[in-house]
Amino acid sequence: MSELQNDFDILELPLEGVAAYWLSLKKLVGSKRNFKALEEEARYTTEPFVRHLLDIGFCGYSDERVRLLAHAKMETQLSEYARRFNLMRIAILDVATGENPHRTLAKLLAQFPVPPITEDKAKALSQELLKLVPEHQAGQERFFDVGHKSQDDKLIVTLLFYVLLSRHESKTGCQPLLSYVSSRYFREGLSMVIDGFDAPFVRKWLKEHKSVVLAETQKKMLMSTEMSIAIAMRLEYDDVFKVARSYMR
């Protein structure tokens with residue numbers, strides 16, 4: 001199994017790291033006539049797009065079908081990432097402008113066709129998080145995390161909490177909790193607000209950075225698709241590496 005499987009995140013891992021992952025799988029398979037080793041890899045891999053490729057790429061589907069199914073998964077995953085970024089952007093800008101938390105919650109829930117949590121529950125849970133801030137204990141750091149892998153209901157509650165916290169203790173009250181935030185997008189955006197950057201600048205940065213991250217993630221997904229197909233074709237290691245280099249600067 002790959003050394004990267006435990007923390008493999010296609011959005012966060014650099015392009016070269018994603019290429020290294022697939023090359024490590026090529027080494028794992030070697031010149032074997034079957035892909036049994038990749039079945040075990042699929043069971044343990046938590047990265048959703050990569051797991052999907054491992055499920056569809058080595059079961060006898062044609063290259064065309066693999067690309068079709070990979071594209072469908074890619075569109076789904078990128079759409080989910082985009083929505084998570086939109087949720088974070090709403091909270092960051094509302095901290096910047098001192099928005100009413102009730103309006104913030106309405107904007108967060110508007111990002112979903114069906115709200116993943118009720119307004120009352122989101123308000124109650126975010127208030128509970130506020131109570132943890134003054135003397136939070138070890139192990140409670142996870143409650144303050146904001147990440148693109150968070151469940152939708154948890155993400156909404158945590159984002160609402162940060163807006164509430166900024167209203168109760170000012171923007172600088174969020175500063176001590178930034179070390180618990182796993183999302184670079186949210187952490188850096190909120191840091192700019194705390195440091196006094198004006199809302200229009202932060203809004204522009206969030207928009208541009210989101211675009212850059214999603215474009216780079218799409219490239220990593222396209223490269224992963226082609227490298228998985230190359231491995232399924234039993235190409236030599238150097239030839240699989242050539243596929244990776246086609247996507248590199």
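Mean residue ellipticity at 222 nm, helices only, the chain: -22000 deg cm²/dmol; runs of at least 4 DSSP H residues each add -39,500 (n - 2.57), and the sum is divided by the number of residues. In terms of distances greater than 27 angstrom between alpha carbons, the cross-link table entries 121/149; 32/149; 123/204; 73/207; 123/171 yield 32/149; 123/204. Rounded to the nearest 0.05, what FRET efficiency is calculated for residue 86 and residue 249 with R0 set to 30 Å and r the Cβ-Cβ distance? Using R0 = 30 Å, I get an efficiency of 0.55. Shape class of the chain from the alpha-carbon gyration tensor: prolate, with a/c at 1.5 or above and a/b greater than b/c. A simple charge model with +1 on the Cβ of Lys and Arg, -1 on the Cβ of Asp and Glu and nothing else charged puts the dipole of the chain at about 420 debye relative to its Cα centre. Among 211, 126, 183, the largest mean-square fluctuation in a Gaussian network model of the chain (Cα springs under 10 Å) belongs to 211. Once you have a ≥ b ≥ c as the square roots of the Cα gyration tensor eigenvalues for region 109-219, tell me rounded if a/c is under 1.5, and otherwise prolate or oblate according to whether a/b is larger than b/c. Verdict is oblate for region 109-219.
What number, in percent, do you get for the relative contact order of the chain if the mean sequence gap of Cα pairs under 8 Å and at least 6 apart is divided by its residue count?
The normalised contact order for the chain reaches 27 percent.
Couplings 3J(HN,Hα) of region 54-59, computed from phi: 5, 6, 9, x, 10, 10 Hz, in residue order, whole Hz [Karplus 6.51 cos²θ - 1.76 cosθ + 1.60, θ = phi - 60°; x for Gly and Pro]. Give me the net charge of residue 186's neighbourhood, meaning all other residues with Cβ under 12 Å from the Cβ of residue 186; Lys, Arg count +1, Asp, Glu -1. It works out to a net charge of +3. Fewest-first ordering of 180, 44, 185 by other beta carbons within 10 Å of each residue's beta carbon gives 44, 180, 185.
Under the classification rounded if a/c is under 1.5, otherwise prolate if a/b is larger than b/c and oblate if not, where does region 1-119 fall, given a ≥ b ≥ c as square roots of the Cα gyration tensor eigenvalues? Prolate. The GluC sites (Glu not before Pro) found in region 1-77 that occupy coil by DSSP, while having at most 15 further C-beta atoms within 10 Å, are 3. Computing FRET efficiency as 1/(1 + (r/R0)^6) for residue 121 and residue 219, where r is the C-beta to C-beta distance and R0 is 41 Å, gives about 0.60. When you filter the GluC sites (Glu not before Pro) in region 123-226 for DSSP loop state and at most 12 other Cβ atoms inside 10 Å of their Cβ, you are left with 135.
No value in this document is a laboratory result; all are computed from the given coordinates. Keep in mind it's a predicted model, so treat the numbers as computed, not measured. For neighbour counting, all protein chains shown are included, and Cβ atoms are generated from backbone atoms with ideal geometry for every residue, glycine included.
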